[in-house]
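See structure below.
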Amino acid sequence: MRCRILYRGSMLLLLGALAIGCGAAKMQIDLLETSQLEGAYAPIGEPLPRIGIGEVTSPGASGPSYQIGEAKTGAFNREAPILTQEAPGDIVRRFLVVAFDEMGINIALMDDAEVTLTGEIVHMWVDEYATGWHPEYSRARVSFDLFARDRDGKLLWAGRQDGTTISPTSQSDTTKQDQSTLENAISKAVNRLVEDRAFWNAIHSVTSEAASAAM
């Protein structure tokens, strides 16, 4: 009987330790990296108007911490919110600034800009497919609307940019892939803008109109 009691007590202690350690209360991302951006198209051949990148709003989001996903951690795949101190719209704006900078485009102050680019977040989320059985993977989807206007407020172009990424399957813990998976999805969405000839044609139209007016 004594052995049985000791065995049951040991099992309860083990299960209690697993329950405490099986999942973090939250997962904090300090900074999403822009290293997966690709400057695929540099607008060459015509001078560009001065471009300003304004606010990308995050409807429904409130700080100081913003939930951008949900991890499944530990032996029992406990749910843990993925948080960042940077608003989703600020993340996208930063990625846009870096992408334009990598193309050699100097970002103008909004008051000096001939074209302004603003936006609104539709969706930004990363989560995991993890059931306790292998394989596991992370998946991220990002969607935002962008608007290009001239200095009079006339809409030149509008478009929705989407990016979806599924990580390689993991034989251990896919949580470590959550951040890079989300970074890749954001980069895909921004790269689609960079490669959008209709966007650049609309931007170039401001320069063309200015040149025609000067004649």
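Any read-out appearing in this document is the output of simple, stated calculations on the displayed coordinates, not a laboratory observation. Computed from a predicted model, the values in this text were never measured in an experiment.
Per-residue Karplus couplings for region 88-100, computed as 6.51 cos²θ - 1.76 cosθ + 1.60 with θ equal to phi - 60°, are listed in order as x, x, 5, 4, 5, 4, 5, 4, 5, 4, 5, 4, 5 Hz, Gly and Pro entered as x.
Sequentially through region 138-144, phi angles give Karplus couplings (6.51, -1.76, 1.60; θ = phi - 60°) of 9, 9, 9, 9, 10, 8, 8 Hz, Gly and Pro residues having no value and appearing as x. I want the antiparallel fraction of DSSP beta bridges within region 24-214, as a percent rounded to 5. Once the DSSP bridges in region 24-214 are tallied, antiparallel ones form about 75 percent. Between the amide H of residue 50 and those of 114, 115, distances stay under 5 Å, these residues lying 5 or more places away or on another chain, with hydrogens modeled in the peptide plane. Report D for region 24-214 in µm² per second (integer): Stokes-Einstein, Kirkwood Rh on Cα pairs, 10 °C, 1.306 mPa s. This corresponds to a translational diffusion coefficient of 89 µm²/s.
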